[in-house]
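Read through the structure below, which is laid out as structure tokens, and then see the notes.
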Amino acid sequence: MEWLETLETAFPEAIDAARERFQVFTGELSHNKNILDTVKEIMILQDTLIKNKKSFEDINTISNAQYDAIIGEAQLEKQRYDESSQALMLAWQVLQGYDEGDAGYDGAYNNWVALLEEN
């Protein structure tokens with residue numbers, strides 16, 4: 001009978017000890033779950049950052065292409081302006097070589113006016 005009395009006193013103590021170990025175990029599981037949830041959130045953020053980086057790279061590429069196109073158009077426009085300016089200056093110099101009523105005056109004047117109207 002003595003062993004029965006020992007079981008009656010030991011059994012509740014064993015249950016209490018098991019309960020305490022189980023609480024520690026479940027606490028660790030909860031902590032580990034929180035860590036896994038945090039890792040999952042970090043992975044989602046990392047994926048989002050990678051997608052955003054790609055989007056920004058695409059935007060940058062497009063912006064650079066647009067910038068290059070604008071610069072190219074501006075350079076062509078400047079070249080046209082310089083050519084027009086030179087042509088007008090030359091036409092003006094030719095016109096200055098004539099007096100009104102001279103044989104080439106009307107042609108030089110009409111050329112100068114046509115260049116003015118083009119520009």
Phi angles of region 70-80, converted by Karplus (6.51 cos²θ - 1.76 cosθ + 1.60, θ = phi - 60°) into ³J(HN,Hα) in whole Hz with x for Gly and Pro, give 5, 4, x, 5, 5, 5, 5, 5, 5, 4, 4
Using a basic spin-label model with each label point 7 Å from the Cα along Cα→Cβ, how many nm lie between R21 and T38? 2.8
Return the single residue from T48, T26, T61 with maximal mean-square fluctuation; model: Gaussian network over the chain, springs between Cα atoms under 10 Å. T26
Could you give me the ³J(HN,Hα) list for region 15-29, computed from phi with Karplus coefficients 6.51, -1.76, 1.60 and θ = phi - 60°, whole Hz, x at Gly and Pro? 5, 4, 5, 5, 4, 4, 5, 5, 5, 4, 4, 5, x, 5, 4
Regarding region 37-92, what's the average projected area of the Cα-atom convex hull, expressed in nm²? 3.8
Spin-label pair S84/E28, simplified geometry with 7 Å Cα→Cβ offset, distance in nm: 8.3
7 Å from Cα along Cα→Cβ at both D68 and N110: what's the point-to-point distance in nm? 4.7
Candidates for log10 I(q)/I(0) by the Debye sum over Cα atoms at q = 0.11, 0.14, 0.15, 0.22 Å⁻¹ are (1) -0.55, -0.88, -1.00, -1.41; (2) -0.75, -0.86, -0.90, -1.13; (3) -0.42, -0.65, -0.73, -1.26, and the calculated one carries label (2)
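FYI, it's all coordinate maths here, none of it is from the lab. In this text the structure is predicted, and so the values were computed from the model without any measurement. Note that we place each Cβ from the backbone using ideal geometry, even for glycine, and neighbour counts take in every protein chain shown.
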